[in-house]
1. Among what's in the range 19-47 and is part of a strand (DSSP E or B) and touching a His at 6+ places or on another chain (Cβ under 8 Å), pick the residue that is surrounded by the fewest Cβ atoms within 10 Å (Cβ to Cβ).
2. Counting only residues that are part of a helix (DSSP H, G or I) and of a type in the set (G, A, S), which one in the range 347-387 is farthest from the chain's Cα centre (by Cα)?
3. Confirm whether I177 is more than 20 Å from the chain's Cα centre (by Cα) and not in a loop (DSSP other than H, G, I, E, B).
4. Residue check: is L241 in contact with a His (Cβ under 8 Å, 6 or more places away or on another chain) and closer than 25 Å to K130 by Cα?
5. Can you name the residue in the range 151-199 that is free of Cβ contacts under 8 Å to residues at least 60 places away in the same chain and among the basic types (K, R) and, of all such residues, is nearest to V454 (Cα to Cα)?
6. The conditions are (1) more than 15 Å from R329 (Cα to Cα); (2) under 10 Å from the mean Cα position of the chain (by Cα); (3) crowded, with 21+ Cβ neighbours inside 10 Å, and C269 fails exactly one of them. Which is it?
7. Given the conditions (1) assigned to a helix (DSSP H, G or I); (2) surrounded by 15 or more Cβ atoms within 10 Å (Cβ to Cβ); (3) of a type in the set (S, T, Y), and given that S421 satisfies all but one, which numbered condition is not satisfied?
8. Testing Y137 on (1) hydroxyl-bearing (S, T, Y); (2) within 28 Å of S229 (Cβ to Cβ); (3) surrounded by fewer than 17 Cβ atoms within 10 Å (Cβ to Cβ); (4) touching a strand residue (DSSP E or B) at 6+ places or on another chain (Cβ under 9 Å), one condition comes back false. Which one is that?
Amino acid sequence: MISDEDKNKVRDATDLVALVQETVELKPRGNTDLWGCCPFHGEKTPSFHVIPATQVWHCFGCGEGGDAFTYVMKREGLSFPESIRYLADRAGIELEEDRSFKRSGTKRNRLIEVCEETSEFYHTLLMRGKDARGREYCKGRELDADTCRKYRLGFAPGHGMLVRHLGSKGFTPQEMIDANVAFRSRNGGLVDRFFDRVMFPIMDEQGRCIAFGGRALDKEKTNAKYLNSSETPIFHKGKNLYGFNWAKDHIVARNEVIVVEGYISAMSCWKAGIENIVAVLGTALTEAHVKTLTRFTKKIIYMFDGDAAGQKAARRAIQFIEKDDIDLRCVILPDGQDPDDFVRANGGDKLRELLDNSIPLMDFVFGKLEEESDISTPGGRAKAMKSALELIYPLRASYMIDGYYMQIADRLGLDVEMIRSNAGKVFREVQQREETNRRREQERERAQAERERVAADGGGVRGTR
């Protein structure tokens, strides 16, 4: 529990005007009041009103208003206790919470400090280091110096340079290992986790570095073109999203979020002026991702190419349709292009046109099922029916399931009772198949973890030369 005394201490230490001006340009109107464009809905005429004397804010456009706590809750998508902690951290105030929380917080903060120092070190090497390969890669991807600075891109040379640098800053070997920026080689030495890679820092919601993604500069010397940080106490790839810290204000303003796959795709869209965009980190869209995003908007547009991998991602995402009544939509890029390819070839305006014409995800997937089956024949309709039922298996307990039965029946020209009568059998088959696949996946993950350990060990030794 946070005491009333601490709440008041944090409130007194917070200047609402300075807090708002972190993201909103305020101008005086009248004697003391300040006005700006509301960060919570798109507008061109300022209707967002801050009163310094009373430390309250109000928007006449959307009706939102409150004090510093409610402002942070709205802007950052936080609960009330989380908003107090956020502002306490900003003001340098230590809250009198239980000791276990503080001990845990101390360890987390140290790991964040390791990642922050690592990010700064890599960024300096990219911008001013003797090895120009990272700068050459960025130039080839049309990432200029301002873009590299804004998104804190870096270069990881390996050769033990990071380990020595972090050691000189007072970080322990165990802290480096726990932050996943270093590991032990077979001979017991501490070596850099990343080498010969352009680095993309992954931030938490507050803009603090918590992990990294690295793009190999010499694909001949590694099996992994892209290498992400492993799971750590501060980073979970199924929960964190690349670029969320930069995008969230734009997500709120447009009341929609666009999800892509890959750092470069996200950055290309940002450069083209489409800033309400985030990227998943080597995984499909997860329930935790959806939970985070729906704190800010109910409209999620999943953007992927139309190849087999993109269609598979679309089908996996269907399970989230019923979550919090979200509007889950999709955009399919032509000719197997990814967002970076499309923006570079056509520009941001053309991409915005595609986004404005996004379609419901279920319509896209049902349409693909029809293309895969000849629904002019009884056998083709039966095949399409089974595929459609397998597809909506994750929604079997949803209140919307009858609506999907009717949608399948309408699209295939079948009686809805036939759809219902076949659903139970198909759902049982899917459940049995998933249980078998789950066991196989657990075995595969154990084997893959061992292979990655051996591969990383060999790469790390090479990186110390």
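1. W35
2. Let us first name the residues in the range 347-387 that are part of a helix (DSSP H, G or I), namely 348-356, 361-372, 378-387.
Next, only the ones that are of a type in the set (G, A, S) stay: 348, 367, 379-380, 382, 384, 387.
On the way: G348: 21, G367: 28, G379: 42, G380: 39, A382: 38, A384: 34, S387: 30 Å.
My answer is G379.
3. Values: more than 20 Å from the chain's Cα centre (by Cα): yes; not in a loop (DSSP other than H, G, I, E, B): yes.
Taking the combined requirement at face value, the residue satisfies it.
4. Details: in contact with a His (Cβ under 8 Å, 6 or more places away or on another chain): yes; closer than 25 Å to K130 by Cα: no.
Against the criterion (in contact with a His (Cβ under 8 Å, 6 or more places away or on another chain) and closer than 25 Å to K130 by Cα), L241 does not qualify.
5. Here the residue is R184.
6. For C269, the failing item is (2).
7. Only one criterion in (1) assigned to a helix (DSSP H, G or I); (2) surrounded by 15 or more Cβ atoms within 10 Å (Cβ to Cβ); (3) of a type in the set (S, T, Y) is unmet by S421, namely (2).
8. If we test Y137 against (1) hydroxyl-bearing (S, T, Y); (2) within 28 Å of S229 (Cβ to Cβ); (3) surrounded by fewer than 17 Cβ atoms within 10 Å (Cβ to Cβ); (4) touching a strand residue (DSSP E or B) at 6+ places or on another chain (Cβ under 9 Å), just (3) comes out false.
The values are calculated or read from the model by the stated rules, or taken from the named source; none is laboratory data. The structure presented is a predicted model; accordingly, all values stated were derived computationally and were not measured. Using ideal geometry, Cβ is built from the backbone for each residue, glycine included, and neighbour counts are taken over all protein chains shown.
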